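Here the structure is laid out as C-alpha cells; the discussion comes afterwards.
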Amino acid sequence: MPFHTLKKKNNPLKFKFSQQKKKLVLLAVSLLIPIIFVSSIFILYRYFYNSIETEASKNQIIKSDVIVIFGAAIAYRGRPSLILKMRIMQGLKLYKNGFSKYFILTGGVGWAPPAESVVMKNILLKNGIPEKNIFLETKSKSTKSQVSYAISIIKKQKWKNALLVSDPIHMYRIKKYFSYSGIQAYSAPVRNIHLSKKKTHIYIKMEILKLISYYLFD
C-alpha cells in the first residue's frame, strides 16, 4: 500500500478568528497610545506646577558671596517697571542687612535702550553702593542667558554661592538653570508681589511651557 503524505488543511474559521484578534489588539494599542500620552503630559504638568509652587514658597536668605538681581522690563524713558523696582529694593535690603556686599545685575536691552542692568546699576549707585561692588552684563535676552552670564561672572570671581532675586514663580526655573553649574544658588524672592489666583495660574503655566521647551530643545 503506497504511503501518502497527508497535507494539513487550513481552517477558515481559525484564520478569521486570528485576523479579528489582530484587529482588536491594534485597536486597543491605538486607543492606549493617546491615553498614555495625555496621562504623561498631565503627570509632567502637575510635577512642574507643584515644584514651581514649592520653590516659590521658599526663603533661603543666608550670607552669600554675591546677590544676583534678574532684570525685568523697563518703562518709558529708562525708568524701572514696578516689578524691576521691587527686585532692586529687595537687593538693597539684602545688602543693607549684611547678606552680601557684591551685586551681579542681569538684563540686556528690551524694546529700547538702556539695558535693564544699566537701569539697576544707576539706582544702586544713587543708593550708595560702591561701583566696584557692582558687576553687570548687558547682552542677555532671556532668563537662560541671564543665568549663563551670571555664572560666568561668578566663576571668574571664584565665588561659590549666590542669592537670587526675582519673582517667586520665576525661582524654580532660574535654579534649574543654575543646577549644573556647581554654584550653590539660594532663593531670595520678592515677597510684596500680589497677584490674583488667575494671574498666578497663568504665570505658572507660562513657566511650565518654558521649562518643557528647555528640556526638549536645549
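Checking the Cα-Cα distances for Lys139/Lys199; Lys101/Lys205; Lys63/Lys139; Lys160/Lys210; Lys58/Lys156 against a 31 Å cut-off, the pairs over it are Lys101/Lys205. Simple rule: put +1 on each Lys or Arg Cβ and -1 on each Asp or Glu Cβ in the chain, find the dipole, and look at Ser117, Ile129, Tyr214; the Cα lying farthest toward the positive end is Tyr214.
Once the convex hull of all Cα atoms in the chain is built, its volume per residue stands at 216 Å³.
Treat the count of other C-beta atoms within 10 Å as a stand-in for reagent exposure and order Phe103, Phe42 from fewest to most.
Details: Phe103 25, Phe42 10.
Starting with the residue having the fewest Cβ neighbours, the order is Phe42, Phe103.
Quick check on the chain: of the DSSP beta bridges with both residues there, what percent are antiparallel, nearest 5%? Numbers along the way, then the final one.
Values: 1 of 15 bridges.
Bridges in the chain that DSSP calls antiparallel: roughly 5 percent.
Dipole orientation for the chain: of the candidates Tyr47, Tyr203, Ile174, Tyr47 has the Cα lying most toward the positive pole (charges on Cβ; Lys, Arg +1; Asp, Glu -1). This model, with +1 at the C-beta of Lys and Arg and -1 at the C-beta of Asp and Glu, gives the chain a dipole about its Cα centre of some 900 debye.
Just so you know, all these numbers are worked out from the coordinates, no wet-lab data involved. Treat the numbers as computed from the prediction; the structure is a model and nothing was measured. Cβ atoms come from the backbone with ideal geometry, glycine included; neighbour counts cover every protein chain shown.
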